[in-house]
Amino acid sequence: MGLAVKELSKRYPSGAWGLQETSFQWRQGVLGLVGPVGAGKTTLLRMLCTVIAPTHGSIHWNGRDACRDPAHLRRTLGYLPQHLGVYPQASAREFLHYMAALKGLRGRTRRSRVDTLIERVGLLDSAHRKMGGYPSDLRRRVGLAQALLNDPQLLLVDDPGAGLDLEERSAFCALIGDHAAHRLVILATRDVRDVSPIASAIVLLKGGHVLRTADGREMCAPSDLLAMVRGMVWSVVVSADRLVEMRRKHFVSSVDRQSGQVRLHVIAPEQPVADAVPVSPTLEDAYAYCIHRDPLEIS
């Protein structure tokens, strides 16, 4: 079982490139696609799930060309888009039964699968209610359940935390990670915190390009990203009125406001100011550092 993407590119009718010459291979576990808005993450996922065709390049699933034979991939695919349309007058259970029927599940098999997923994603107390009254976290849980109905070997998730607060995002991403054993999961997000607890590898995207490592790799382990800024992250506490000055003079990777003061993480090879204290880097520090460097190279 494996996914191979080679020199994948997409040019839209306007002439703009959504993605250019992206290549990687993935076989098992969670792969994080991380990048800012406009990086090409959604374009890549939409090509992988065969919703749009690439302009150049190829997608192979289990050795077969998915562009020429999309049905082979679609049979084993689960997809959660950033915005999933639901029927507000239907309950989650009714919606999932409808989606299961569209995916070819019948009778007892369908009932069993819907019941299992309602419990797995935490909808037992809400499955009978109309979805029009659901908050964002319950809608995302319904979306994940529909993506898992066919027990997909390949699960694609676009912006898992859309509309969720930090605690809800963490719980939702943990649910996705639970599905990754013996399967492939590709999770696209602009927030590296979504993938830090569950991803085995990360692909960084910016402006439609993959940020490659210095030795030419398209993906790297989270530990590799952390190593790039080890010994370069400093904690500094300043008054709020010094924040603009600090950002002008130094690379600030994070800001935490605390009752009139601001705690910053500054990335610099040497102590940036006299009272700066060295701290262990976070994946957010490493991501911020990489994404603002040369657009085509991580290190």
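Here are the numbers for this structure:
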item	result
Dipole magnitude of region 68-197, debye to nearest 20 (Cβ charges: Lys/Arg +1, Asp/Glu -1, about Cα centre)	700
In region 206-299, the GluC sites (Glu not before Pro) that fall in loop regions by DSSP, at most 14 other Cβ within 10 Å	GLU270
Expected 222 nm ellipticity per residue - DSSP helices of 4 or more, -39500 (n - 2.57), all of the chain, to 500	-8500 deg cm²/dmol
Among (1) 40, 19, 16; (2) 31, 22, 20; (3) 37, 25, 16, the entry derived from the coordinates for semi-axes √(5λ) of the Cα gyration tensor in Å	(3)
Within-13-Å neighbourhood charge of VAL51 [Cβ basis; K, R +1; D, E -1]	+2
Degrees between helix 136-147 axis and first principal axis of the chain (Cα, 0 to 90, nearest 10)	50
Cα-centre dipole for region 231-280 with unit charges at Cβ (Lys and Arg positive, Asp and Glu negative), debye to 20	140
Mean separation of Cα contacts under 8 Å (6+ apart) over length of the chain, as relative contact order %	20
Radius 14 Å from Cβ of LEU148, net charge of other residues (Lys, Arg +1; Asp, Glu -1)	+3
Cα-centred dipole magnitude for the chain, charges only on beta-carbon of K, R (+1) and D, E (-1), debye, nearest 20	1200
Estimated FRET transfer efficiency when R0 is 22 angstrom, pair GLU119-GLN82 (beta carbons, to 0.05)	0.30
Region 1-59 versus region 228-299: alpha-carbon centroid distance in Å	31
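Every read-out reported here was derived from the displayed coordinates using simple, explicitly stated rules and does not represent laboratory data. Quick caveat, the model's predicted, so the values are computed rather than measured. We place every Cβ from the backbone using ideal geometry, glycine too, and count neighbours over all the protein chains shown.
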